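Here the structure comes first, spelled out in structure tokens, and everything after it is commentary.
The values are calculated or read from the model by the stated rules, or taken from the named source; none is laboratory data. Since the structure is predicted, the reported quantities are computational estimates derived from the model, not experimental observations. All Cβ positions, glycine included, derive from the backbone under ideal geometry; neighbour counts span all protein chains shown. Each accessible area value is taken on the protein alone, full model and side chains, heavy atoms only, with ligands, DNA and RNA left out. Shrake-Rupley method; radii C 1.70, N 1.55, O 1.52, S 1.80 Å.
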Amino acid sequence: MNRHLGTGRALALALISALIVALAPLSPPALAAAPLTVSQAIGQQDGSAQTVRGYVVGQPTATGTVVTSGFPNDYALAIADSASQASTTQMLYVQIPTAFRAQWGLRTNPSLMGKQIDVTGAMAAYFSHPGLTGATAFALAGGVTPPPPGGTSPWDGTYYAPAIGTSGTALRTSLHGIIDGNTQLSYAQVWTALQDTDQDPTNTANVIELYSGRSISKTSNGGGVDDWNREHVWAQSHGGFGTTPGPGTDVHHLRPEDVTVNGTRGNKDFDLGGSTVAQCTDCWTDADSFEPRDAVKGDVARMLFYMAIRYEGDDGFPDLELNNSINGSTPWHGKTSILLQWNTEDPVSTFEMRRNDRIHSTWQGNRNPFIDHPEWATAIWN
């Protein structure tokens, strides 16, 4: 009997000891070292292996020369602590090994300009300039950007049924057949439609301007300096369709915008960079391109994807097409690589979904497939 009690006590003590160990607080995991800034990397040219975070600002071609367009090859990047940095003394020159050139070289991937990236390699001079050589890893800052969400939509079994399971040309053809034949509005009707589709969710008396993000009274529409007017996201001159019923009045790409900002955008293609835009925070422009604020970059991309599929030139309207160029006044609109990037980086918002539903149910009877299925853009244009 006593022997059994002793054995029982031993088992109990063992269980208690195991429980104490299990409940003991765990040591916190070691935190990964934060990436160096570019300025830190410039001051630490000692051959050590480090990860550096910076914005892509061009391609170095000589000790004191960094080009920002017309990239000659995929061999190098210049990064800086600011996307607008123009002084080469504040840049780190990054050598790109052969294995990384197809994905990270600027000639092949000009859309990397302005992106914040993490690069791992040796802190060593390149082009006789503070640099990073022998890179072993590249990534967008914070990790690789995930692909757009997709897979299902409430409309898959009905509206989109002919397109489900297709890709490439077959998907494009199916979607065109689904979304064409829509109700066409007059240009005057567009005013009323936009007061509905772009209504401010927090103030039903107002609309939200696309690029500026300003909430403005629905009745402050017109041509005055601080009025809002009807912005053609697919510029009229990139197809010559004017404001007659058809692409010129298609509400899927018409949005309210401040008159001044609309004038600044004009008929420019969409791309990265430039100088700041008055009355439009986080908007940028140069002589031939316009970059909207981050919160609506995906919206812009998905509207242009819609226009390129809806208008294929088979119903008396122009054949609208996307390309990867800056085009001026042509039936083409760009740049495809930038738009695909924006589609990924700026997911579909609740505002976009409501807008798509209102156009479908009340105004035109058709939907923008790239709001319901953002991944279809990649399936068609990649």
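What the table shows:
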{"quantity": "Difference of contour (0.36 nm per residue) and Cα-Cα distance, Glu345 to Val67", "calculated": "97.5 nm"}
{"quantity": "Those residues of region 331-354 whose amide nitrogen sits under 17 Å from the label point placed on Asn382, 7 Å along Cα→Cβ", "calculated": "336-348"}
{"quantity": "Stokes-Einstein D in µm²/s, Kirkwood radius over Cα pairs - region 171-294 at 20 °C with 1.002 mPa s viscosity", "calculated": "140"}
{"quantity": "Shape metrics for region 51-138, restricted to C-alpha atoms - Rg then Dmax, Å", "calculated": "11.1, 29"}
{"quantity": "Average projection area in nm² (convex hull over Cα atoms of the chain, one quarter of hull surface)", "calculated": "29.1"}
{"quantity": "Dipole-positive endmost among Gly181, Gln116, Gly224 within the chain (Cβ charges, Cα centre)", "calculated": "Gln116"}
{"quantity": "Within region 99-142, trypsin sites (Lys or Arg not before Pro) in DSSP loop having at most 14 other beta-carbon neighbours inside 10 Å", "calculated": "Arg107"}
{"quantity": "Reach of Lys335 by Cα under 24 Å, taken over lysines that are not fewer than 8 positions away in the same chain", "calculated": "Lys115, Lys268, Lys297"}
{"quantity": "Solvent-accessible area per residue, Å², over region 45-103 with all protein chains present [probe radius 1.4 Å]", "calculated": "46"}
{"quantity": "The chain: relative contact order as a whole-number percent, Cα under 8 Å and 6+ apart", "calculated": "13"}
{"quantity": "Radius 15 Å from Cβ of Trp104, net charge of other residues (Lys, Arg +1; Asp, Glu -1)", "calculated": "+2"}
{"quantity": "Relative contact order, percent, region 201-245 [alpha-carbon distance under 8 Å, six or more residues apart]", "calculated": "20"}
{"quantity": "The chain: DSSP helices with Cα axial extent of at least 27 Å and average Kyte-Doolittle hydropathy no lower than 1.0", "calculated": "2-23"}
{"quantity": "Dipole axis of region 259-374 (+1 Lys, Arg; -1 Asp, Glu on Cβ), positive-most option in Asn343, Ile359, Gly274", "calculated": "Ile359"}
